[in-house]
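Single-structure report; data block below.
The values are calculated or read from the model by the stated rules, or taken from the named source; none is laboratory data. Because the structure is a prediction, the values reported are computed rather than measured. Counting neighbours? That spans all protein chains shown, and the Cβs are built from the backbone with ideal geometry, glycine included.
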Amino acid sequence: MLRIRNLKCFYGRIRAVSGVSLSVRRGEIIALIGANGAGKSTLLNAICGLHPQWNGEILIEKQSLSGLKPPDIVKMGISLVPEGRMLFPPLSVIDNLKLGAYVRYRKKEHREIEGDLGTVLELFPVLKERMKQPAGMLSGGEQQMLAIGRALMARPRLLLLDEPSMGLAPFLVRLILDVLVQLKGQGMTVLLVEQNARAALQIADRGYVLENGKVILDGNASELLTDHDVKRAYLGKD
Ligand code: ATP
């Protein structure tokens, strides 16, 4: 579904991603792990059109994303759950969700959008209880659920998540990851950036390890979980 070849991303003259190649097959959960500053967020942002300074190849179902703007990329079925959630705090939960469907309102998909709102609220029942509250009043876990729900409202076929576990208690991390597994069961494809490498690899099919803008290792998630170097550098103690 997604193929990246020799991707290089720049901030001015600084190179943050240095020749990354990776692929995501339909229906997979792929974990992208690596330390702070490894280039994970830059890579996700490049896919979404939020970081236009890149060269190389990014293909979705063999179609190039080069030069496309974020709304075009959303229309192609790619949604991002950004680092730090980036909700609209004064707006209600329901309005935040509806904003996720922004490009679809222009296509007059009103009825489908209403249906998808119901589906998202079923997936995250706590959001249903808080539908009319401002997003800024939600707990960290609820905000993360809302950020995922908002991304789903675009009806993506590829969901990109940037550190969804950040700042969450372990039981909430579990809950969020369980939802990703549930979405995979419904046919979703997921590219998951995580510093919580163990949790990410536990639900992933395959993983890539990024270091200083380069893929230094990739393989089946189960192999990476037992890899000596990955254990030492990213997994810490059991
Ligand atoms: P984190 O987990 O901290 O978000 P990351 O793996 O997502 O880390 P990036 O945020 O993609 O890493 O950063 C990759 C590199 O690009 C780092 O060296 C970082 O300092 C640099 N960088 C990120 N944003 C900018 C910017 N706006 N201007 C200049 N350099 C930047």
I'm trying to understand the selection: among the residues of region 122-140, which are surrounded by 19 or more Cβ atoms within 10 Å (Cβ to Cβ) and in a helix (DSSP H, G or I)? Leu127, Ala135
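Of all residues in region 164-174, which are under 26 Å from Arg25 (Cβ atoms) and surrounded by fewer than 22 Cβ atoms within 10 Å (Cβ to Cβ)? Give the derivation first.
Quick first cut of region 164-174, residues under 26 Å from Arg25 (Cβ atoms) only: 164-165, 173-174.
If the condition is that a residue be under 26 Å from Arg25 (Cβ atoms) and surrounded by fewer than 22 Cβ atoms within 10 Å (Cβ to Cβ), then Ser165, Val173, Arg174 are the ones that fit.
Give the residues of region 177-197 that are more than 16 Å from the ligand (Cβ to nearest atom), among the aliphatic types (A, V, I, L, M) and not in a strand (DSSP E or B), sorted by residue number. Talk me through it step by step, then tell me what you get.
Residues of region 177-197 more than 16 Å from the ligand (Cβ to nearest atom): 177-190.
Pick out the ones that are also among the aliphatic types (A, V, I, L, M) and you get 177, 179-181, 183, 188, 190.
If the condition is that a residue be more than 16 Å from the ligand (Cβ to nearest atom), among the aliphatic types (A, V, I, L, M) and not in a strand (DSSP E or B), then Leu177, Val179, Leu180, Val181, Leu183, Met188 are the ones that fit.
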If you check every pair at least six apart or on different chains, which have Cβ atoms under 9 Å apart with a residue in region 72-97 that is free of Cβ contacts under 8 Å to residues at least 24 places away in the same chain first and a residue that is β-branched (Val, Ile, Thr) and surrounded by 15 or more Cβ atoms within 10 Å (Cβ to Cβ) second? Asp72/Val103; Met76/Ile60
Please go through region 198-216 and give me each residue that is out of contact with any Gly (no Cβ under 7 Å at 6 or more places or on another chain), modelled with pLDDT of 95 or more and away from the ligand (no atom under 15 Å from the Cβ), ordered by number. Gln202, Ile203, Ala204, Asp205
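Can you report the number of residues in region 198-230 which are of a type in the set (Ser, Thr, Tyr) and surrounded by fewer than 17 Cβ atoms within 10 Å (Cβ to Cβ)? Walk me through how you get there before you give the answer.
Kept after step one, since they are of a type in the set (Ser, Thr, Tyr), are these residues of region 198-230: 208, 222, 226.
With the extra rule that they be surrounded by fewer than 17 Cβ atoms within 10 Å (Cβ to Cβ), the set shrinks to 222, 226.
Of the residues in that region, 2 qualify.
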First in region 42-57 and among the aromatic types (Phe, Trp, Tyr), second anywhere and in a strand (DSSP E or B), Cβ under 8 Å, 6 or more apart: Trp54/Leu7; Trp54/Lys8; Trp54/Cys9; Trp54/Phe10; Trp54/Val17
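Is there a residue being closer than 24 Å to Glu129 by Cα, part of a loop (DSSP other than H, G, I, E, B), among the basic types (Lys, Arg) and modelled with pLDDT under 95 anywhere in region 85-98?
Yes, that holds for at least one residue.
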Which residue pairs have Cβ atoms closer than 8 Å, lie 6 or more positions apart in sequence or on different chains, and pair a first residue in region 163-191 that is farther than 18 Å from Pro82 by Cα with a second residue that is within 16 Å of the ligand (Cβ to nearest atom)? Arg174/Ala199
Output the residues belonging to region 10-51 that are of a type in the set (D, E, K, R) and within 9 Å of the ligand (Cβ to nearest atom). Arg15, Lys40
